[in-house]
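The values are calculated or read from the model by the stated rules, or taken from the named source; none is laboratory data. Keep in mind that what you see is a predicted model, and the values were worked out from it rather than measured. Please note: Cβ atoms are built from the backbone with ideal geometry, for glycine as well, and neighbour counts cover all protein chains shown.
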Amino acid sequence: MSEERARILGMLAEGKITAAEAETLLDALASTIEESTAATPGPAPASDWPTGPSASGTPKFMYVKVTGKDKVDVKVPLALLRAGLKLTSLIPPQAMDQINESMGEAGMSIDFNNLKPEDIEEIIASLREMEVNVQAADGDNVRVFCA
Amino acid sequence: MILPPLVIDVRVKEAGTRGFRIWFPFVLLWPLLLLFAAFALLVALLVDAALLFSGARYHHYPLLLLKSLHLLAEVRGTHAHVVGSDSLVDVYIY
């Protein structure tokens, strides 16, 4: 825990500030961290990413956005997904059987042996229309879409 | 032409600390990667030839290796940005 965060929580425990004030201070602290890091040179910040699926054109990236207590933004190239799916068609049968078995045990009964190259392109193309939006009971919101 | 990642940029910052940033030029590892790939491809070709002569149905190890390298190259553009209540982690591969 950082010194500032501990100090805010200490003030809250001592009754010097209210819970609402502590929350405001903690939010301010988090945004200060983000702003100071965003100021450094580097890739485009996550705030510049699209906020929803693209209406037209071929999607290039899959975005995973989690908002709530913590904020998570992940951008994965769809080309990686395509390459990964194509790789599955070359995995030795013995290894593929083990993979399918392990995935089945984990509750994902997908048989990669049935995946054909033409299916891969269809999956990628249909991702354009996909949007997953999960609202958790604790206030966290998870969105997955391609753009 | 598909190329492996050039740079891996990792930034970690916690409230009250200066944090750190690793800007790793992955491009410097390309010669090593090339050597490894060439060696692995040679071994895979030998294994494949042996499998082919023994009548095995599966003999695609060189292709599997090349597709694995392709997968590595497609990692370019991956970006993860996590902001916690008092910390920030940013990983970008390009």
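What the table shows:
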{"item": "Selection count where residues are in a strand (DSSP E or B) and within 8 Å of chain A (Cβ to nearest Cβ), scope segment B:71-94", "result": "9"}
{"item": "Verdict on A:S56 being at pLDDT below 85, hydroxyl-bearing (S, T, Y) and outside any helix (DSSP H, G or I)", "result": "yes"}
{"item": "Members of segment A:29-53 found to be farther than 20 Å from B:S85 by Cβ, more than 13 Å from the chain's Cα centre (by Cα) and either within 9 Å of chain B (Cβ to nearest Cβ) or modelled with pLDDT of 85 or more (or both), listed by number", "result": "A:T40, A:G42, A:P43, A:A44"}
{"item": "Unmet requirement for A:D97, which otherwise passes all of (1) more than 14 Å from every other protein chain (Cβ to nearest Cβ); (2) over 24 Å from B:V75 (Cα atoms)", "result": "(1)"}
{"item": "Hey, B:S68 hydroxyl-bearing (S, T, Y) and in a helix (DSSP H, G or I) or not", "result": "yes"}
{"item": "Hits in segment A:62-103 - residues which are surrounded by fewer than 17 Cβ atoms within 10 Å (Cβ to Cβ) and closer than 18 Å to A:P50 by Cα", "result": "A:V64, A:T67"}
{"item": "Subset of segment B:78-94 (residues that are closer than 14 Å to A:W49 by Cβ and under 12 Å from the mean Cα position of the chain (by Cα))", "result": "B:T78"}
{"item": "Lone unmet requirement of (1) at pLDDT 85 or above; (2) within 22 Å of the chain's Cα centre (by Cα); (3) of a type outside the set (V, I, T); (4) part of a helix (DSSP H, G or I) for A:S126", "result": "(1)"}
{"item": "Per-region count, segment B:15-55, residues within 12 Å of chain A (Cβ to nearest Cβ) and either surrounded by 12 or more Cβ atoms within 10 Å (Cβ to Cβ) or touching a helix residue (DSSP H, G or I) at 6+ places or on another chain (Cβ under 7 Å) (or both)", "result": "10"}
{"item": "Number of positions in segment A:104-122 that are within 14 Å of chain B (Cβ to nearest Cβ) and exposed (fewer than 12 other Cβ atoms within 10 Å of the Cβ)", "result": "1"}
